[in-house]
1. At 222 nm, what value in deg cm²/dmol follows for the chain if DSSP H runs of at least 4 each add -39500 (n - 2.57) and the sum is divided by all its residues, to the nearest 500?
2. Indicate the gyration tensor shape class of the stretch 214-280 (rounded, prolate or oblate), computed on the Cα atoms with a ≥ b ≥ c the square roots of the eigenvalues: a/c under 1.5 is rounded; otherwise a/b larger than b/c is prolate and the rest oblate.
3. Ranking request for peptides 77-87, 96-106, 193-203: highest mean number of other beta-carbon atoms within 10 Å first, then the rest in descending order.
4. So, with a 1.4 angstrom probe, what is the percent of accessible area on the stretch 306-354 that is carbon and sulfur?
5. Translational diffusion coefficient of the stretch 178-217 at 10 °C, 1.306 mPa s, Stokes-Einstein with Kirkwood Rh over Cα pairs, in µm²/s as a whole number.
6. May I ask you to rank VAL325, VAL123 by accessible area, largest first, using a 1.4 Å probe over the protein chains only?
7. For the stretch 102-197, how big is the tail of P(r) above 21 Å, as a whole percent of Cα pairs?
8. What is the packing order of peptides 167-176, 460-469, 559-568, taking the mean over residues of other C-beta atoms within 10 Å and listing the highest first?
Amino acid sequence: MFRGVVVLAWLVLACRSFAAESPKVVLFTGADPIQPAALVQLEAIRKQLDASPLQGAEVFLETLDGFRFGSENLTPEFLALMKKKYAHQHVDLVIGLGNYAADFSIKNHAEVWPGAPVLLSSVPEDWLSQRSLPDGFSTVPYRIDVAKTLSIAQALQPEAHRLVVVGGNADVDLRFVKRVVEAAEKNKAQWSVIEEWTGLPLNELQRRLALLDRNWAVVYTTMYRDRDGRRYFPYQAVAPMVEASHVPIYGWYSVYLKYGLTAGAVYDMEENGRKTGEVASSVLRGGHVEVSALPALPERCVANLSEFDRLGLSVSRLPSACRLVNPPPSVFREYRGTVVTLLGVLLAQSVTIAALLTQRRQRRRAEAEAGERRNDLARAARLATVGELSASIAHEVGQPLGAILSNADAADLLLTSSPANAEEVHEILADVRRDALRANEVVVRLRALLAKQSVSFSAMNLDETLTQSLPLIEPEARRRCITVKMLLNAGNVKIFGDRVQIQQILLNLALNSMDAMQHTAPDERVLSISTRLLDSGIELVVADRGHGLPAGAATRLFEPFFTTKAHGMGLGLSIVRAIAEAHHGRVNAAERNGGGTVISLTLPLWNGLREAGIEGGSRTAMDRTVNSTGRAAKS
Ligand code: ADP
């Protein structure tokens, strides 16, 4: 054998040195090459040949499909065809797969492919041992250990003592069945009953299998043909058999496991193909002369886990080196990539959400603290404003108190005169009550303005709020000899705002106007407050006849701390703008025709905000901004 491969390698080398072209290889198989087992094997061979550094081999596939058609009658014609086909075609290597191809090559290679080395694969070890191979032949044999498959059945089903051996009635099928029966007969202690079911049509086979109980084990060999002459690929019988059977079915072809076979000492066609391809490319390269000494490929215990649950079998009974395939589907196993990605995404999301929540909590705490401080500041600013109004407030309260005092004196006089005039005393008391109420009103108004309260937005009528706020500015205007003219035309429509903040706007603007009119001629000292309805909302205009805007400062008026006054803080207008923005409005200052200043403020309507989905949604933002408002103290 060794000598043969040396010659084979030499021949190949000699040929290749003359022709620097890709090697020509004949892949010759007795079986149909498109049955899964053959396909797996052929693909593995092709892969190795393509990977060969010899520019990739040019491969010619030849087959007789003798298992299904019967090779005996066809061989003379097939031989004639092969001779004709390869008469003028140089061949570098013939790979014969299976017994028929091996037999044909041994007998006819000198006529069909003269001088070409031959590599036989998928040929049983014992078959080879009975033949002497011509020079130039090498082999990749295999071994099917039927006894080992039977021992796996015995391990998994120790209670089963009856054996059914299933196969077709083509020659190859019958040969395999005979082998299994012979092997089982050697183990009478385990297999007391052995039945051969050969050539049964599939439906009958299914019917019989369905009747078997757990005392039976089934070995399936091959089925190329049934007794009615119907042809199969052996794998095609596996799924229908598995479907009908309640007992395990054993066998030795790896492809069968895909279709539900339970277990077996498996001969791996892919491994065979890979090994054959390796040896073939080694021969084509002219190296590795030891290839002919290759041992038969081993059979390995393989078990189909997906059947174990259905048939109530225990994995622990399997030999320890058994490979487990087809685990039952589990979401994690089936979609491992997706599940891992999903878990990753979930984890990342959770971390992000946790970080965002912490951030939000911290921001809210900071906002709340800042809001509280700003609220305090705003209140302090209102207190300062009230300080500015103190003279007029003193007057406002002093007047009714003085009147009460006078009325008290008058009542005293009346009561000491006799007869006392009860009706007049009643009138005096009514006056006292009215004056007391007036004084009380001033105090209530101030208390409302200065009370420590949180900002509260609601739908409100602007004209009404302005009217209610008038008493806050009127006394100061009177004190400064300024006439206040109010022309409110916004009607019943509502804005969404905070009453105290709106009052603060009015106070800030009115006091600025009063300051600006300090040197205006008394008869021109008019402070106009008006409202009107626009498409976009309500416009509030505060206009005066003061000294007008400071030159070149129009753009800076609303900046915090901008002031032209000796003791000003420069916060009043910036607070007005902050409040306006918190109400989704805007404010603007301009020179007034004929002298003075016009400050106009536009506030959107409540309905409009609701339609835009802003009301309520931006509440926090409003609170935040509004909390920061307050009028600065003026001296
Ligand atoms: P302050 O009143 O403390 O100065 P403000 O922010 O209220 O702060 O006003 C900023 C500046 O804007 C004032 O100093 C003044 O120069 C100008 N200003 C405000 N209102 C008027 C007005 N009605 N007429 C003229 N100038 C004004």
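The values are calculated or read from the model by the stated rules, or taken from the named source; none is laboratory data. This one's a predicted model, so the numbers in the text were calculated from it and none came from an experiment. Don't worry about glycine lacking a Cβ; one is built from the backbone with ideal geometry, like all the others, and counts go over all protein chains shown. For accessibility, only protein heavy atoms count, side chains too; no ligands or nucleic acids. Shrake-Rupley method; radii C 1.70, N 1.55, O 1.52, S 1.80 Å.
1. Helix-only estimate at 222 nm: -16500 deg cm²/dmol.
2. Oblate, because a/c is 1.5 or more while a/b does not exceed b/c.
3. 96-106, 193-203, 77-87
4. 64 percent
5. 137 µm²/s
6. VAL325, VAL123
7. 49 percent
8. Answer by packing, highest mean first, reads 167-176, 460-469, 559-568.
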